[in-house]
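A quick write-up on the structure given underneath.
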Amino acid sequence: MILEALNYAASWPLTSAAHRPFIRSSVNLSARANRCGKAWAEHERRTKGAMLKAAEGCRQRRTAVILGSGLLRDVPVIALSRMFDTVVLVDLVHLASVRGWIAMKGLKNVRLIERDLSGLDDFLAGTTPDPLSFLRQVPYLDFVASANLLSQIGIGAERRIARADGGVAAADAVPLLIRAHLDGLQQVAATTCLVTDVSYRVIDRAGRCHETVDLLHGVDPGDPLETWDWPVIPFGEESRDYQIVHSVISRQMAP
């Protein structure tokens, strides 16, 4: 708890005012990732592998952008910093612990950008969401990876809409936002890699599935190159009697 409080306090002045409300969730995610490190290790390894496999296919290696870089546990940032001239990490919050780790590793060609990648503000303003339009302004862009972000766009949008209570239906907004992210990736003139969880199952110790939830709200992410399971909430994290296992896909798109 002390380390979490210190990380929160250190991240506050480093984060823009608009994004400070999200520091707490990032710190909580970091704590859960540490507790569930063994259960998450295979997912993190496979996510890194999918990104590197896609990046190695780039004809040129000038600028790489990682969308939803988060805690960097599932991003092969050291390898990417050696492969590309510049690596840009984009997320709502970059915790002080993440910034410190980057500095400690001496990754001088890594840049951090705070950005809301959901497109929800555009939707609420009555305009067509185009959350990845900024990528078209990135010079010498050769590689883009969406790192376990897509499902979080929907989850975050549902929470914000519920709090706003402004008469907007999440059922209308969420599929549109997910589709906008996928369309944005397809429109980029660069090699792209998508890694995302697409659904989850609640499973008891006997292996029985009690619930299945579609995290992409009916939107088809395209044919996967690889699939695997990610025990996001393993036995003992919330209950001794069940675990929550997410189904993950990866896919690549060439320019």
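The values are calculated or read from the model by the stated rules, or taken from the named source; none is laboratory data. All values reported here derive from a predicted model rather than from experimental measurement. All Cβ positions, even for glycine, are placed from backbone atoms using ideal geometry, and neighbour counts span all protein chains on display. Heads up: the accessible areas ignore ligands, DNA and RNA and are worked out on the full protein's heavy atoms, side chains in. Shrake-Rupley method; radii C 1.70, N 1.55, O 1.52, S 1.80 Å.
Summary table
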item: Failed item, numbered, when A9 is tested on (1) under 17 Å from the mean Cα position of the chain (by Cα); (2) open to solvent by 20 Å² or more (accessible area, probe 1.4 Å); (3) aliphatic (A, V, I, L, M); result: (1)
item: The one condition in (1) free of Cβ contacts under 8 Å to residues at least 60 places away in the same chain; (2) within 16 Å of the chain's Cα centre (by Cα) that E4 fails to fulfil; result: (2)
item: Flag for I102 being under 21 Å from L141 (Cα atoms) and not in a loop (DSSP other than H, G, I, E, B); result: no
item: Hey, L107 over 20 Å from the mean Cα position of the chain (by Cα), in contact (Cβ under 8 Å) with a residue 24 or more places away in the chain and either within 24 Å of L29 (Cα to Cα) or not in a helix (DSSP H, G or I) (or both) or not; result: yes
item: Residue match in the stretch 171-194 (condition: open to solvent by 40 Å² or more (accessible area, probe 1.4 Å), modelled with pLDDT under 85 and among the small types (G, A, S)); result: yes
item: Counted residues, the stretch 76-86 - those being surrounded by fewer than 21 Cβ atoms within 10 Å (Cβ to Cβ) and either of a type outside the set (D, E) or touching a Leu at 6+ places or on another chain (Cβ under 9 Å) (or both); result: 6
item: Entirely in the stretch 148-255, the strands (runs of 3 or more DSSP E) that have 3 or more residues that are of a type in the set (S, T, N, Q); result: 191-204, 242-253
item: Residue check for V213: over 30 Å from D142 (Cβ atoms) and aliphatic (A, V, I, L, M); result: yes
item: Check on H210, buried (at least 22 other Cβ atoms within 10 Å of the Cβ) and modelled with pLDDT of 95 or more; result: no
item: Residue within the stretch 57-75 that is in contact (Cβ under 8 Å) with a residue 24 or more places away in the chain, open to solvent by less than 30 Å² (accessible area, probe 1.4 Å) and part of a helix (DSSP H, G or I) present; result: no
item: Residue identified as among the aliphatic types (A, V, I, L, M), within 20 Å of L225 (Cα to Cα) and at pLDDT 95 or above among A39, A55, A33; result: A55
item: Qualifying residues in the stretch 120-145 (those that are within 24 Å of A254 (Cα to Cα) and in a loop (DSSP other than H, G, I, E, B)) - the one most open to solvent (accessible area, probe 1.4 Å); result: Y140
item: Residue that is most open to solvent (accessible area, probe 1.4 Å) [pool: residues in the stretch 216-251 that are more than 18 Å from A50 (Cβ to Cβ) and of a type in the set (A, V, I, L, M, F, W, C)]; result: F235
item: Of residues in the stretch 37-54 being of a type in the set (A, V, I, L, M, F, W, C) and surrounded by fewer than 23 Cβ atoms within 10 Å (Cβ to Cβ), the one farthest from the chain's Cα centre (by Cα); result: A39
